[in-house]
Structures are given as structure tokens and as C-alpha cells.
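What follows is a set of notes on a single structure, which appears directly below.
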Amino acid sequence: MVVPSGSLGSWEWRTIVGNMFPLLVVLSIIVLAAGITLESAEELLERFAILAVMVPTMVDMGGNLGAILSSRLSTRFHLGTTELDPRDRVLWANVLAILALAATIFTALAFGAYLIGLVLFDGPIGLATLLFISLVSGMSVAVIAVVFSFATTYVSYRLGIDPDDTTIPVVTNVVDVFGMVIFIGVSWLVLF
Amino acid sequence: MSVRQEFWSIYREAIPILFIALGGGLFAGVVLEGMVESVERFPGLLVMVPVFLATRGNVYGALGGRISSGLHQGLLPPAFERNDRLVNAVIASFINGIGISIVIGVVTWLALLVLGWPAAALYELVGIMLIAGVLTSVVLIFGLLLLIFAGYKRGYDPDNLVGPIVTTLGDIFGMVFMLLAIGIVEVIV
């Protein structure tokens with residue numbers, strides 16, 4: 001190996017843990033809001049088993065979409081290719097692609113959950129209702145993911161923080177919380 | 001690149017990955033549904049679920065990102081061998097992954113206390129998180145390294161592999177091991 005040996009630098013486990021653990025604690029406290037929402041919806045989940053099946057995807061997917069957009073935006077900022085001009089058509093292509101991905105995935109989620117419901121639970125929720133719940137909450141989360149990704153990438157770039165290090169984990173976890181709250185809220189309104 | 005080309009290139013690149021994540025998410029959801037009935041025995045269980053799943057992504061996503069940068073920079077060979085950097089990165093992930101699991105149990109218990117909601121005993125919540133955290137760490141760390149190394153040797157960019165691997169494995173094994181941990185704590189306590 002041609003790499004200078006002897007110094008582990010940032011690969012020392014104490015350094016990695018020391019840098020990451022405080023952030024992990026902060027993120028856990030943020031996502032606790034999603035957990036409290038889920039616990040408060042226990043009755044809803046017991047009555048409509050299929051909603052529980054949708055929960056992990058609802059929580060993760062907004063964060064996934066936010067992560068895809070944030071890392072693309074941060075790369076563009078690093079390369080100096082954008083000034084956040086609303087007339088920048090490539091930025092709009094990014095936003096539209098995220099919304100199209102969301103529409104595809106949340107439609108698939110409704111169909112997937114419906115099929116699982118038919119096989120496992122004899123599901124009491126119809127396909128149209130599931131599609132409505134999945135798309136309304138999913139698209140709302142996607143819009144929030146887009147707004148948060150732009151805002152935080154821009155702010156962290158202005159403040160001179162590398163968005164890859166801290167901003168993206170914070171954005172994805174915050175969007176996770178919105179995913180849970182919106183999903184439970186929309187399900188509640190539709191089913192009661 | 002025109003707007004239409006840019007749009008389709010982003011869409012095509014991301015959609016297979018998101019479908020893999022959807023599959024993992026639905027499986028995890030079926031396991032979660034089986035867990036709902038244990039909530040009466042251990043109130044607070046559902047509070048921990050999203051936090052536990054999110055942390056899996058945070059800890060092992062960071063490990064994956066680090067390993068893939070290491071491979072790109074030639075700091076690491078793509079193999080399981082006694083390499084100081086690899087050993088340190090793995091130790092750090094174990095400590096972060098297991099440590100934060102214990103924190104989740106404690107913070108959940110405190111939150112329930114503040115809200116005045118029913119809560120399982122502190123040692124029950126921490127016990128469930130500790131068992132689930134240890135099991136998930138082992139499977140995710142070694143599974144992630146195995147898949148990244150194998151993919152890298154076959155010419156895939158590890159940067160594109162880390163996200164979907166972590167989300168999918170994290171959801172599936174996180175929920176399965178949490179259900180298992182609930183069973184174990186139920187028997188012991």
C-alpha cells in the first residue's frame with residue numbers, strides 16, 4: 001500500500017464515536033416525535049392491521065427522497081453549478097423527478113399493502129381508500145422533503161458546513177417525523 | 001443536458017433502489033403488525049420502533065459511506081482482513097449502534113414518564129433495545145461489508161449501493177430482531 005501508515009487520523013474508533021454519538025442522540029430525540037405519534041395511534045393500528053404494514057415505508061420513503069435530492073443539490077453546490085435561481089430549469093427537473101418517484105412508489109405501496117391485506121388479514125380497507133391515503137400523505141411528505149432539502153442545503157452551504165456530514169442526516173430524520181405524523185393524521189381523517 | 005433527459009436519468013437511476021426499499025419496508029411492516037399486540041404487555045414499544053429504524057440508517061449508513069470512501073481512496077482493501085482502519089470503523093459502529101439502542105430505551109421511558117402515559121419498566125425497554133441492537137449490529141455490519149466488498153469487486157460504485165442496502169437490511173432485520181427481543185424479554189422477565 002502506498003498510503004502513509006501509522007496515523008489512523010479520522011479512522012480512530014474513539015474519534016468516530018466522539019464525533020457521531022452526540023448527533024445520534026439528537027437525531028433519536030427528533031424521531032421520538034414519530035414514535036409518540038405511532039404509540040398514540042395504537043387503537044387505529046389494531047383495528048386496521050394494514051396501516052401497520054405501511055408504517056415503515058411511510059417513515060423511510062420521505063427520508064430516502066430527501067436524501068437523493070439533498071445529495072444531488074450538495075454535489076451541484078460543490079461544483080458551483082447552481083445559485084438557486086428559480087429560472088434554473090435543471091433544478092426543476094430534479095424537483096419533478098422526486099415528485100414522479102414519490103407518485104410511483106406511493107402508488108406501489110398502496111397496491112402492495114392491499115395485496116398483503118388480501119392474503120394475510122382479509123383487509124377491511126378498499127384499494128381506492130388505500131391509494132388515497134398513500135398518495136395524499138406520500139405526496140405531502142415528498143413536497144416537504146423537497147422544501148427541506150433546498151432550505152438546508154442552501155443554509156449549510158452559506159454557513160460553510162459540508163451538507164454531506166450533518167445536514168443530510170438531520171433532513172432525512174426530520175422528514176421521517178413528518179412522514180409518520182401526516183400518514184397517521186390522514187388515515188385518521190379518512191377512516192373515522 | 002435537457003430538462004427531460006435530466007428528469008429521466010434521475011428517475012431511472014433511483015427507481016430500482018426505491019423499489020428494493022419498498023419491498024423491505026413492506027416486509028418490516030408485516031413484522032410490525034405482529035408486534036402491535038405485544039404493546040399492552042410492554043407499553044412504549046411503538047415509540048421505540050421508528051427511532052430504532054431511523055438509527056439503523058444513521059449508524060450503518062455512516063459506516064457504509066466511510067467504507068466506500070475508503071475503497072475509493074485506496075485506504076482499504078475490499079476484503080475481511082486485519083486492517084487497522086477496517087477494525088476501527090467496525091468497532092466504532094458496534095459502539096454507536098449498541099450505545100444508541102440503550103439511549104433509545106432510556107429516552108423513550110423518560111418521554112412516557114413526562115407525558116404521563118403507561119410505560120413498561122425501564123429495564124424491560126432497555127433490555128429489548130439492547131438485545132435487538134446487538135443482533136442487528138452483527139448482521140448489518142457484516143452483511144453491509146460483505147455486500148459492499150462483493151459489489152466493489154464486480155465494479156459497482158459502493159456509493160450507489162450503501163443507501164438501499166442499509167435501508168432494506170435495516171428495516172427487515174431491525175424489525176425481526178426487535179420482535180425476537182420482545183419474545184426473549186417476555187420469557188426472562
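The values are calculated or read from the model by the stated rules, or taken from the named source; none is laboratory data. Because the structure is a prediction, the values reported are computed rather than measured. A quick note on method: Cβ atoms are made from the backbone with ideal geometry, for glycine too, and the neighbour counts reach across all protein chains shown.
What the table below lists for this structure:
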item	result
Answer residue from the range B:1-17, given it is among the hydrophobic types (A, V, I, L, M, F, W, C) and free of Cβ contacts under 8 Å to residues at least 24 places away in the same chain and is farthest from A:M180 (Cα to Cα) among those	B:M1
Selection count where residues are under 30 Å from A:F132 (Cβ atoms) and surrounded by fewer than 16 Cβ atoms within 10 Å (Cβ to Cβ), scope the range A:72-98	1
Residue match in the range A:150-164 (condition: at pLDDT 90 or above and within 14 Å of another protein chain (Cβ to nearest Cβ))	no
Residue match in the range A:65-75 (condition: under 30 Å from A:L191 (Cβ atoms), facing chain B (nearest Cβ under 10 Å) and modelled with pLDDT of 85 or more)	yes
Members of the range A:29-41 found to be facing chain B (nearest Cβ under 7 Å) and surrounded by fewer than 17 Cβ atoms within 10 Å (Cβ to Cβ), listed by number	A:I29
Test: residue in the range A:174-191 that is farther than 25 Å from A:I36 by Cβ and of a type outside the set (D, E, K, R)	no
Long-range neighbours under 9 Å by Cβ, at least six apart or interchain, first residue at positive phi and facing chain A (nearest Cβ under 9 Å) within the range B:56-77, second surrounded by fewer than 20 Cβ atoms within 10 Å (Cβ to Cβ) and part of a helix (DSSP H, G or I)	none
Hey, B:W117 surrounded by 16 or more Cβ atoms within 10 Å (Cβ to Cβ), in contact (Cβ under 8 Å) with a residue 60 or more places away in the chain and among the aromatic types (F, W, Y) or not	no
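A quick yes/no check of all residues on (1) at pLDDT below 90; (2) under 23 Å from B:L46 (Cβ atoms):
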| site | (1), (2) |
| --- | --- |
| A:R87 | yes, no |
| A:L115 | no, no |
| A:S137 | no, yes |
| A:G179 | no, yes |
